[in-house]
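Colleague: Quick one: this structure, given as structure tokens, is what I'll be asking you about.
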Amino acid sequence: MQVLLIIAIAVHVLSSVFWAGSTFVLARNGEGASALFRPQIGAAVVSILSGSLLWHLLHQGSFQHTEQILATGTAAAMLALLVQVAVVRPELRSGEASPRVAAGCRMAAALLFVTVICMAVARYI
């Protein structure tokens with residue numbers, strides 16, 4: 001079980017850092033979004049799946065303050081993924097650089113910022 005936990009944490013942290021970090025970079029002007037879109041979505045899916053596994057291993061059956069804050073972060077992450085798929089992807093398919101790409105990345109970055117804060121402080125509340 002401990003090995004599974006260590007692997008799940010490592011996968012979750014690495015995929016989340018790539019997803020959030022690349023989204024923060026793209027939030028500036030959206031340049032390069034077309035090249036990073038698929039890896040970002042892949043990292044987002046891996047992050048959410050590994051986070052679900054961690055929830056199952058560490059927080060199943062409890063919904064105290066820690067879990068409530070983690071659930072808030074999870075909701076923000078899922079909304080960020082939804083924004084990226086619903087706002088950024090259609091703009092990238094049009095083939096032209098659009099201010100909406102950067103705006104979508106900014107919205108997703110703000111939501112991922114909330115997620116990062118929730119994950120960082122949940123243990124201490």
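Colleague: I'm trying to understand the selection: among the residues of the range 84-125, which are under 17 Å from VAL45 (Cβ atoms) and touching a Gly at 6+ places or on another chain (Cβ under 6 Å)? Break it down stepwise before answering.
Modeller: Step one: list which residues in the range 84-125 are under 17 Å from VAL45 (Cβ atoms), which gives 84-86, 88-89, 108, 111-112, 115.
Across the range 84-125, the qualifying residues are VAL88, THR115.
Colleague: Moving on to the next point. Report the residue count in the range 16-72 for those that are of a type outside the set (A, V, I, L, M, F, W, C), farther than 15 Å from VAL116 by Cα and either buried (at least 18 other Cβ atoms within 10 Å of the Cβ) or touching a strand residue (DSSP E or B) at 6+ places or on another chain (Cβ under 9 Å) (or both). Steps first, please.
Modeller: First pass over the range 16-72, keeping only residues of a type outside the set (A, V, I, L, M, F, W, C): 16, 21-23, 28-32, 34, 38-40, 42, 47, 50-52, 56, 59-62, 64-68, 72.
Next, only the ones that are farther than 15 Å from VAL116 by Cα stay: 28-32, 34, 38-40, 42, 50, 52, 56, 59-62, 64-65.
Restricting the remaining residues to those that are either buried (at least 18 other Cβ atoms within 10 Å of the Cβ) or touching a strand residue (DSSP E or B) at 6+ places or on another chain (Cβ under 9 Å) (or both) gives 30, 40, 50.
Of the residues in that region, 3 qualify.
Colleague: Among the residues of the range 36-57, is there at least one that is over 25 Å from VAL3 (Cα atoms), at pLDDT below 95 and of a type in the set (A, V, I, L, M)?
Modeller: yes
Colleague: Among residues belonging to the range 2-15 that are in contact (Cβ under 8 Å) with a residue 24 or more places away in the chain, closer than 21 Å to THR115 by Cα and of a type outside the set (Gly, Ala, Ser), point out the one that is surrounded by the most Cβ atoms within 10 Å (Cβ to Cβ).
Modeller: The residue in question is HIS12.
Colleague: What is the number of the single condition among (1) β-branched (Val, Ile, Thr); (2) in contact with a Cys (Cβ under 8 Å, 6 or more places away or on another chain); (3) buried (at least 17 other Cβ atoms within 10 Å of the Cβ) that VAL83 does not meet?
Modeller: Checking VAL83 against (1) β-branched (Val, Ile, Thr); (2) in contact with a Cys (Cβ under 8 Å, 6 or more places away or on another chain); (3) buried (at least 17 other Cβ atoms within 10 Å of the Cβ), the one that fails is (2).
Colleague: Kindly provide the set of residues from the range 78-98 that are touching a residue at least 60 places away in the same chain (Cβ under 8 Å) and within 14 Å of LEU111 (Cα to Cα), ordered by number. Show your work before the answer.
Modeller: Narrowing the range 78-98 to residues touching a residue at least 60 places away in the same chain (Cβ under 8 Å): 84, 97-98.
Of everything in the range 78-98, just one residue is touching a residue at least 60 places away in the same chain (Cβ under 8 Å) and within 14 Å of LEU111 (Cα to Cα), namely GLN84.
The values are calculated or read from the model by the stated rules, or taken from the named source; none is laboratory data. Just so it is clear, the model here is predicted, and its values are computed rather than measured. Glycine also receives a Cβ, built like all others from the backbone with ideal geometry; neighbour counts cover every protein chain displayed.
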